[in-house]
Amino acid sequence: VLTQGFSFQLTEEQVAVQAAAREFAQNELLPGVIERDELQKFPAEQIRKMGELGFMGMMVDPKYNGGGMDTISYVLAMEEISKIDASASVAMSVNNSLVCWGLEKYGTEEQKQKYLTRLATGEIIGAFCLSEPEAGSDATSQKTTAQDRGDYYLLNGTKNWITNGSSASVYIVIAQTYPEKGHKGINALIVEKGIPGFVIGKKENKMGIRGSDTHSLMFTDVKVPKENRIGEDGFGFKFAMSTLNGGRIGIAAQALGIASGAYELSLKYAKERKAFGKEIAQHQAIQFKLADMATQIDAARLLCLQAAFLKDQYADFAKASAMAKLFASKVAMDTTVEAVQIHGGYGYVKEYHVERLMRDAKITQIYEGTSEIQKIVISREILK
Ligand code: CAA
Ligand code: FAD
């Protein structure tokens, strides 16, 4: 699928972005990552610094305060941040690819000036609210309603599992306006924190990415001004699907980072730990695990870069991003399980990081469309 113009050689700018992200992750995210996971502490200060470095609005046009970078740079940075802290990287992914990208592509100039200019710098962060208690994979079955009341929408309903749920200032909320029109009657609305009737519900106590704040959100007779609708009347579901195509590249890169982080730790450990008079890296069973990890990770990286490249070329990238997410999330799961194995008993305790990476890996097979949903997306594209 790679089209003309694809190069295996990164540009100087891409290498610099990768190096900056690696350095930031080592210096600013690694200290305290175990404690934040244990205490379920959102990395607020770190996210603020990531904003200052341009990581929260990487692909946004500089005229809206963004970094003006390409999607390949975004993949490289996401991988580096995710090697160390997948809770920070999910906040980064949602803000970059679900909130900023959607607003820049489909928002009005007023919406961009009012919201995007601050989201792109990380001064404020955003959330993307599609899932509901009874509408996860089956996303067209929206129960949240946005009734048209002339100059405003009356928003009622509950959203579930919202990343950046309490930390965000701006929420993109998907809701049904014309139930008789099915998915063509859905709208996407920008909702500000603090508006009357909007209540942030309980924080989920999760297996992994425990530093990220995942909340349910309740809307009761919330009056959302008409000018806060994104796109034409009834465009909300297409908006969500189109935005998720890009989001899946971010999550694929997150999965890649979790895998490569676990691999790097395993490689180092295998050269240090001795058993039966030699380093465990000298035992073929361990060598083969490392060989499998390295091969799978390279394949996952190529799929991520392919999807990013196609997006940057304005080509159709829905299938490529679904493939990248499907594959990279499996690699994340498989690699982290083996990383714990290579570390033996030490892998089972927190200080060695790999048990956290294993817990963090699982979510990449669930959010932004489960692996089963990615297969639906891929097979529909293949068969159409
Ligand atoms: N790109 C563009 N358009 C798409 C699309 C895609 N990938 N997938 C579907 N569409 C369009 C279809 O073309 C169709 O439009 P038309 O009728 O105009 O042709 C419309 O959307 C409805 O599609 P379907 O008829 O295929 O609807 P469906 O109900 O059979 O299935 C689905 C749709 C692909 C399963 C979809 O519901 C889906 O993607 N579900 C998963 C939801 C999801 O990914 N949620 C993630 C929430 S955000 C999140 O998780 C963030 C986080 O964790 C950090
Ligand atoms: P279901 O849809 O109930 O799926 C249950 C199982 O059935 C899965 O294995 C699924 O693959 C399978 N299944 C369902 N339909 C089919 C089918 N047609 N064919 C084959 N198998 C099928 N959502 C947001 O909108 N915004 C967020 O910021 C966000 N962040 C999240 C953060 C976390 C930590 C978590 C856990 C979730 C988050 N989500 C978010 C929600 C996430 O996108 C959904 O959980 C996901 O889409 C799956 O929906 P569900 O949980 O309702 O599972």
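What follows is calculated from the coordinates using simple rules that are stated; it is not laboratory data. Small disclaimer: the values here were computed from a predicted structure and weren't measured. Neighbour counts are summed over all protein chains in view; Cβ atoms, including those assigned to glycine, are modelled from backbone coordinates with ideal geometry.
Observations on the structure shown:
- Every condition in (1) touching a Phe, Trp or Tyr at 6+ places or on another chain (Cβ under 9 Å); (2) within 15 Å of ligand 2 (Cβ to nearest atom) holds for W101 except the one numbered (1).
- Residues of region 285-301 satisfying the condition of being of a type in the set (D, E) and within 27 Å of A275 (Cα to Cα): D292
- With respect to the conditions (1) surrounded by fewer than 24 Cβ atoms within 10 Å (Cβ to Cβ); (2) more than 16 Å from ligand 1 (Cβ to nearest atom); (3) among the polar types (S, T, N, Q), T336 lacks only one, and its number is (1).
- Residues of region 272-329 that are among the hydroxyl-bearing types (S, T, Y), assigned to a helix (DSSP H, G or I) and under 21 Å from the mean Cα position of the chain (by Cα): S321, S329.
- Scope region 34-59; condition more than 17 Å from the chain's Cα centre (by Cα), of a type in the set (A, V, I, L, M) and farther than 26 Å from Y352 by Cβ; matching residues: L53
- Residues satisfying the stated conditions in region 79-118, i.e. under 23 Å from F237 (Cα atoms) and assigned to a loop (DSSP other than H, G, I, E, B): G107, T108
- Of all the residues in region 21-38, those that are part of a helix (DSSP H, G or I) and in contact (Cβ under 8 Å) with a residue 40 or more places away in the chain number 11.
- Residue, nearest to G236 (Cα to Cα), within region 119-140, restricted to residues that are aliphatic (A, V, I, L, M) and within 13 Å of ligand 1 (Cβ to nearest atom): L130
- Within region 54-100, considering residues that are of a type in the set (D, E, K, R) and under 11 Å from A21 (Cα atoms), the one nearest to ligand 1 (Cβ to nearest atom): E79
The rows are residues; the columns are (1) in a helix (DSSP H, G or I); (2) without any contact (Cβ under 8 Å) to a residue 60 or more places away in the chain; (3) within 13 Å of ligand 1 (Cβ to nearest atom); (4) closer than 25 Å to A300 by Cα.
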| position | (1), (2), (3), (4) |
| --- | --- |
| I209 | no, no, yes, yes |
| T220 | no, no, no, no |
| G234 | no, yes, yes, no |
| G247 | yes, no, yes, yes |
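- S371 satisfies every condition listed in (1) under 24 Å from T214 (Cα atoms); (2) of a type in the set (S, T, Y); (3) touching a Gly at 6+ places or on another chain (Cβ under 9 Å) except (3).
- Total residues in region 218-238 satisfying the condition of being crowded, with 21+ Cβ neighbours inside 10 Å and among the charged types (D, E, K, R): the figure is 1.
- Among residues of region 356-384 being β-branched (V, I, T) and near ligand 2 (Cβ under 7 Å from one of its atoms), the one that is farthest from the chain's Cα centre (by Cα) is I376.
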